[in-house]
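Below is one structure, written out as structure tokens; the observations come after it.
The values are calculated or read from the model by the stated rules, or taken from the named source; none is laboratory data. Owing to the predicted nature of the structure, the values given are computational and were not obtained by experimental measurement. Neighbour counts are summed over all protein chains in view; Cβ atoms, including those assigned to glycine, are modelled from backbone coordinates with ideal geometry. When the accessible area is computed, the model is the full protein with side chains, heavy atoms only, and any ligands, DNA or RNA have been set aside. Shrake-Rupley method; radii C 1.70, N 1.55, O 1.52, S 1.80 Å.
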Amino acid sequence: ITNTGYFRVFGVCNVLGNTSAARFGEFALSDGSTDKTITQYRFQANSSGKENAIVPYDFVIFLPAGDSLSATASDEVFLRGVTRQIATIDGTLVNPN
């Protein structure tokens with residue numbers, strides 16, 4: 001997301017358990033020079049590496065001018081979801097279409 005305002009971000013973080021290596025999915029805010037992790041999902045499977053996981057996420061963020069939200073995932077992690085603007089930068093509600 002690169003628009004300004006208030007946004008709802010929701011979906012699921014899917015993890016495939018094909019390895020015992022640590023994996024992650026995360027959301028970060030950037031002001032153009034610095035990234036700040038706002039939420040991170042870390043997974044460490046058992047020694048057999050056969051554990052799958054589905055973790056729902058649902059949060060609201062505020063993006064001022066110049067900031068953006070990004071999602072990053074390691075191997076075998078999938079962040080699937082949507083964003084919806086709920087208000088403009090001055091707080092005016094945005095009705096869904």
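Quick rundown of the values:
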quantity	calculated
Evaluation of V9 against (1) exposed (fewer than 14 other Cβ atoms within 10 Å of the Cβ); (2) touching a strand residue (DSSP E or B) at 6+ places or on another chain (Cβ under 6 Å); (3) not hydroxyl-bearing (S, T, Y) (one fails), failing number	(1)
All positions within segment 12-25 that are open to solvent by 20 Å² or more (accessible area, probe 1.4 Å) and either over 13 Å from V55 (Cβ atoms) or of a type outside the set (F, W, Y) (or both)	V12, N14, L16, N18, T19, S20, A21, A22
Top-ranked residue of segment 60-70 - restricted to ones that are of a type in the set (A, V, I, L, M) and open to solvent by 60 Å² or more (accessible area, probe 1.4 Å), ranked as nearest to T39 (Cα to Cα)	V60
2 or more residues of a type in the set (F, W, Y): qualifying strands (runs of 3 or more DSSP E) within the chain	5-15, 23-30, 35-43, 53-63
From A28, A73, residue being within 20 Å of F10 (Cα to Cα), modelled with pLDDT under 95, under 13 Å from the mean Cα position of the chain (by Cα) and surrounded by 12 or more Cβ atoms within 10 Å (Cβ to Cβ)	A73
